[in-house]
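All remarks here apply to the structure that follows.
The values are calculated or read from the model by the stated rules, or taken from the named source; none is laboratory data. What you see is a predicted model; the values in this text were computed from it and never measured. We place every Cβ from the backbone using ideal geometry, glycine too, and count neighbours over all the protein chains shown. Only protein heavy atoms, including side chains, enter the accessible area calculation; ligands, DNA and RNA are left aside. Shrake-Rupley method; radii C 1.70, N 1.55, O 1.52, S 1.80 Å.
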Amino acid sequence: MANPISERVRIFPASGTYNNAHGSGVFSVLHAETIRLDVDGTFPQMMASGSYMRTLARIAKPTYWIAYPLKEVGYGIWEGPIYGLWGDASLIPHNTVRIHVPPISSYRLVGSGPPMTVTFSGGPPAVTRVLEFFSPDFREVTVEYDTVQDSPRVTSINTCAHLNHPPSLRCENLTFDNVFGRAGVGISQSQRRSIVPLEVAGGDSAWSDAELDDAMHRYWSTYSDAPDWAIWVLFAGKHERATRLGSMFDLSDANQRQGCAVFNQNIDDYVPSNYPQRPEHLARMRFYDLVHETGHCFNLHHAELTYNIQLQWPFWNDITSYPTFMNYPEHVSDFWGKFEYRFHDSELKFLRHAPDNLVEMGDAPFYGGDPLFEPDDGKAPRPWKLDVALHRPQGVFEFLEPVTLVATLTNTSQHPQIIDEAVLEDGGNFALVIARMDGRTRFWRPFVQRCFLPTPRVLESQQTLSASFFVGSGLDGWYFAEPGAYMLQGVLKTPETTIATNPLPLRIAHPRSWDEEVVAQNFFTRDVGRALAFGAAPSRSGVIKTLREVVERLPDRAVSRHAALALAQGVMRGHRILRTASNEERGFSLIPADHEEARRLFQCALFDNPSAAAESLGGEAYRRETERYAAYLKQSGAAQIKGPRPQPRNRKK
Ligand SMILES: [Zn+2]
């Protein structure tokens, strides 16, 4: 038996890339799997990501998954929920990942690391696979440096040479390779280096993007018209636009993000002559620029801009004021006094874990960022304004209370505008970003993607369109199950325009009683979320039981009114349910409507305490529900049934 003390000494981090590529035997050809574990080492993100592909199906694309946040549940054992999935979801049908990397340091002495045992569980029967250690890095990229004749080439920096730096900053000679190494990207330098004659830049000796592109094709020794983990960097003098300090110029053809350039002379011209310690500052500006432009090659965009919704990559944060390589120094106050020569955590997550095609040079086109986090300053002459509103004052909701939100689109121009009537409700147009204060960000994904036939409608100046959404839960479960602060931002994306709202704060109060915490255990399920969105079908007995429990145990809480409405919808009309018991003849049973029960539930939801009901449902939703109830009474003849009389104005009948 191994010595238990030495076993607990992990000399090397467990983080890195594991795969089954070196596996032998028949199983290795059935699937290709790579897993990146990111739990220790430099800037750990407590995340794991993987790609999985059945290699027999040659044309198949890999399925990518992200597990986050990971928790260390035992020594060398990490566990976490599967947070995101791209590709064929049937290949990874589970919802939890458990990863074990035994902390036996001697493995690396023979040139490799300990194997990883990964177990996928939750949902279908658990699956366990073993992968081999491949590399301490998450990505490997080859960089070729070419230099225009007579241009400086700054690829390292003495971090403390300039006196204005963070007091805690490590003083060292930091290289380009070190910066990316700490980001988890192994850089190998191409041995081929060319000197590019200045004539390539044309007679004015200032580069245009077209000339740069041409130079890349001619001088990059391994240029490929296909995705490849490789970057070409040109150290040059001037760009034809004096404000270009550097450029990731490769963003027009089918294979983008492969080349970038640093314009040493433009940087020199840009820094004022009286800048303190000017030579040291110039050096760090050139180094910063090299890493910044290379960052664009990895599909990182400027920090003050935001994500591409279509990537479905949920880990971008608003890092407008964070001193990262991807923020302009001019945009952050005292940038150099805070800058630690690193990327922000959310950028590291992308570099390390985003699906390969989003990051690999030459694959997904460059995403320059949308100005979504830019609050609407009213300067841009946009004809539309988007607002989101919560009906609770200051956006404070009770624990368990389902959150609904109203989105309103206003024609702010002086003229009538034509817009599709269902633009807000149409599937995929309206997105809601839900951010926690710790930086966790998710997208609300509704249960249904409604599709509408286009119905153009004229909106006069200052006229509005609005739609209300139940955003408390969706395909990913519940979004506001935890008490605390959230930030919401609505985004409307149409072929013509992208409009974002200002961030809107929301707070979920703490549970008020033990009863609430007990109820919560059954309440925060996808089935209950679905019942609140569409009504509780009588066949879902577990859901019905939970909702009844809410109505009975928490009668004076907002959630009970929502629960009563969901239950009422289930009994106001008859339902067919499939007989499943083995002793029954197969077929459908009809459960008749229970009008008396429906009336009782509506009474309790809407009329027992009308002002509290209007408050917890929202004025607009309250009006809609009472109208629906009145229509139901009329249609069904339920008004004739004895029972509590609803709403005062109905008494006149
Ligand atoms: Zn840039």
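In this structure, ARG193 qualifies as farther than 26 Å from HIS302 by Cα and free of Cβ contacts under 8 Å to residues at least 60 places away in the same chain. Of everything in region 113-131 that is out of contact with any strand residue (DSSP E or B) (no Cβ under 6 Å at 6 or more places or on another chain) and at negative phi, the residue that is surrounded by the fewest Cβ atoms within 10 Å (Cβ to Cβ) is PRO125.
Restricting attention to region 289-299 and to residues that are more than 9 Å from the ligand (Cβ to nearest atom) and in contact with a helix residue (DSSP H, G or I) (Cβ under 7 Å, 6 or more places away or on another chain), the residue that is nearest to ASN317 (Cα to Cα) turns out to be ASN299.
Only one entry in HIS292, HIS344 is at pLDDT 90 or above and closer than 28 Å to LEU70 by Cβ, namely HIS344.
Can we say VAL271 is more than 16 Å from the ligand (Cβ to nearest atom), in the same structural domain as GLN189 (by TED's automatic domain parsing) and either open to solvent by 20 Å² or more (accessible area, probe 1.4 Å) or in contact with a helix residue (DSSP H, G or I) (Cβ under 9 Å, 6 or more places away or on another chain) (or both)? Here the answer is yes, as VAL271 does meet what is asked. The number of residues in region 333-360 that are open to solvent by less than 10 Å² (accessible area, probe 1.4 Å) and within 16 Å of the ligand (Cβ to nearest atom) comes to 6.
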